[in-house]
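Participant: Before we start, here is the structure in question, set down as structure tokens.
The values are calculated or read from the model by the stated rules, or taken from the named source; none is laboratory data. It should be emphasised that the depicted structure is a prediction, and the values quoted were computed from it without experimental measurement. All Cβ positions, even for glycine, are placed from backbone atoms using ideal geometry, and neighbour counts span all protein chains on display. Side chains included, ligands, DNA and RNA excluded: accessible areas come from the protein's heavy atoms. Shrake-Rupley method; radii C 1.70, N 1.55, O 1.52, S 1.80 Å.
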Amino acid sequence: MKRGLWLWLVMVLMFFSALLACGGGTSSLLNSISSINVTAASPSIGVGDTDQFTATGKIVGNTGDITKQVTWTSSNPSVATIDSSGLATGVAVGTCTIKATLAGVSGSMTLTVSSSSSSSNQFAQSDLQGTWNWMNFTAGPDVTAGTVAGWERGNITIDGSGKITFNSYTNNLGGTGGPTNTMVLTLNPSIGVITQTSNGQSNDFHGQLASNKNIFVAVVTVGNGNDREIAIAIKQNGTTFSSADISSVNFVDHEINSGSNDVWWYEAGSINSSQQVSVSSCSESSGTCTPPGTNFTTLSITSTGIVSSSSDGTPFQGVMTPDKKNIFITNGDGINHPTKLIVLQVTGQTFALSDLAGTWYGYMIASSPTSPVWAYSTWSFDNTGDLTNQSFVSNDVSQSPGSGPATASVTVSMNSAGTITPASGSSVMNGAMSYNKDMIIITDTISSGQASLDIFLK
């Protein structure tokens, strides 16, 4: 979406909200809504649990969040109720339809309530408590365009209430001050969804804690509303790292640039016993590329899992996950070198197609100098590689995999090395399952032609 159109849409929605406040429900603007898409943090909850629903409306070809403007109803309040803000509560076992209505236009999805209650929750707010290595990658305009930083990173502490304290902070512009506003994270104990407030106000922040509770991923809208971020935080859980953890291993890595050079890379290579890195194959969104070669850089790692590169002149820094099988990296100053996000995955595990079975939570960032895109979604895989979309929310609804929840399906293939490719459709998608089979990383080109990187947590 072009910046001018997005600003126009914001003005339309502000005017739209004002009309509602003044009782202007019969205006032609209200009648211009052509469709409403309803999504939820999860398609199923337990008795006594809550689930936040979101309504996205299409107005004159553009889309916006109208969650607070619609009227929410439940087809069976004895199964689940829903309040005016779109927050549903499970009452009894069963299914019901949650509907959002505005100006005669409706959208809906099915909510399933199971017998499990908060007493059997997989997560707790205390799972966020502790010290985390954190990074944000911004898929917005170039740094020279006067926007926010291409990446931010540092070390944070989250207390029992979810309040964030920055222990260290830097960005690609050399900034070290860090945010000064009070940020608090709240975890939904039934499904691990994370929301954020800043100075008491809700942010456009959508996150998920992994089942191993050592990593969370979120997509965020920042700055003037035209910059999209993906945030990754990796917990310091007491694991001690050494050079042996980055020695004598093979890997694949996925990379995405920010700014005007919005491309992705997919590489395969190895790290030798001296921590020297070689890349043997390389492809990018525009086709194949030339690998950087043999022993082109040397890595080092601290005891807390911070990875650096001896020969990379740009501000390279990585964080290894506690299982020692993945490294998340931010790199580039945004001026002499594009800012980028890199995810390196250690290979060597043996996989079967059945390893895909289960529920996966996806977080996508697509780079663009004018119209970056984020999305978060829920997918259900079966043992044969068939997956069905359960929910999908994006700042650009044109990227939705279907007209509504659980309407889109696709079949993928995965070989014994964990490489994932579509059985049909995109020929440029590159996917890889993590060594411990609880994360998938994908680089792809979305329908608008933008390079994208997806992180899926099981």
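Participant: Return the residues of the stretch 32-72 that are among the β-branched types (Val, Ile, Thr) and either open to solvent by 60 Å² or more (accessible area, probe 1.4 Å) or assigned to a loop (DSSP other than H, G, I, E, B) (or both); say none if nothing qualifies.
Facilitator: Listed by number, the residues that qualify are Val60, Ile66, Thr67, Val70, Thr71.
Participant: Yes or no: Ile234 touching a Leu at 6+ places or on another chain (Cβ under 9 Å), part of a strand (DSSP E or B) and of a type in the set (A, V, I, L, M, F, W, C)?
Facilitator: So Ile234 fails the test.
Participant: Within the stretch 322-344, take every residue that is β-branched (Val, Ile, Thr) and closer than 18 Å to Gly154 by Cβ and give me the one that is surrounded by the fewest Cβ atoms within 10 Å (Cβ to Cβ).
Facilitator: Residue satisfying both the conditions and the ranking: Ile342.
Participant: With respect to Gly348, determine if the residue is modelled with pLDDT of 85 or more and assigned to a strand (DSSP E or B).
Facilitator: No.
Participant: Ok, one more. Tell me, which strands (runs of 3 or more DSSP E) wholly within the stretch 152-228 include 3 or more residues that are aliphatic (A, V, I, L, M) and either closer than 19 Å to Pro372 by Cβ or in contact with an Asp or Glu (Cβ under 6 Å, 6 or more places away or on another chain) (or both)?
Facilitator: Once the strands (runs of 3 or more DSSP E) in the stretch 152-228 are filtered for at least 3 residues that are aliphatic (A, V, I, L, M) and either closer than 19 Å to Pro372 by Cβ or in contact with an Asp or Glu (Cβ under 6 Å, 6 or more places away or on another chain) (or both), what remains is 215-222.
Participant: Within the stretch 238-255, track down each residue that is farther than 18 Å from Gly269 by Cβ and touching a residue at least 24 places away in the same chain (Cβ under 8 Å).
Facilitator: Once the filter is applied, which keeps residues that are farther than 18 Å from Gly269 by Cβ and touching a residue at least 24 places away in the same chain (Cβ under 8 Å), the stretch 238-255 yields Thr239, Thr240, Phe241, Ser242.
Participant: Which ranges mark the strands (runs of 3 or more DSSP E) fully within the stretch 375-450 that have 1 or more residues being open to solvent by less than 20 Å² (accessible area, probe 1.4 Å) and at pLDDT below 80?
Facilitator: Where strands (runs of 3 or more DSSP E) fall fully within the stretch 375-450 and carry at least 1 residues being open to solvent by less than 20 Å² (accessible area, probe 1.4 Å) and at pLDDT below 80, they are 386-394.
Participant: Would you tally the residues in the stretch 224-249 being closer than 29 Å to Ser274 by Cβ and surrounded by fewer than 16 Cβ atoms within 10 Å (Cβ to Cβ)?
Facilitator: Of the residues in that region, 8 qualify.
Participant: With respect to Ala210, determine if the residue is over 20 Å from Lys325 (Cα atoms), open to solvent by less than 10 Å² (accessible area, probe 1.4 Å) and of a type in the set (Gly, Ala, Ser).
Facilitator: no
Participant: Run down Val307, Val277, Val252, Val319 and say which single residue is surrounded by 19 or more Cβ atoms within 10 Å (Cβ to Cβ) and in contact with a Pro (Cβ under 9 Å, 6 or more places away or on another chain).
Facilitator: Val277
Participant: Further question on the same structure: Among the residues of the stretch 281-294, is any in a strand (DSSP E or B), without any contact (Cβ under 8 Å) to a residue 24 or more places away in the chain and surrounded by 14 or more Cβ atoms within 10 Å (Cβ to Cβ)?
Facilitator: Yes, that holds for at least one residue.
Participant: Hey, can you tell me all the residues within the stretch 89-111 that are of a type in the set (Gly, Ala, Ser), at pLDDT 90 or above and open to solvent by less than 40 Å² (accessible area, probe 1.4 Å)?
Facilitator: Ala100, Gly107, listed by residue number.
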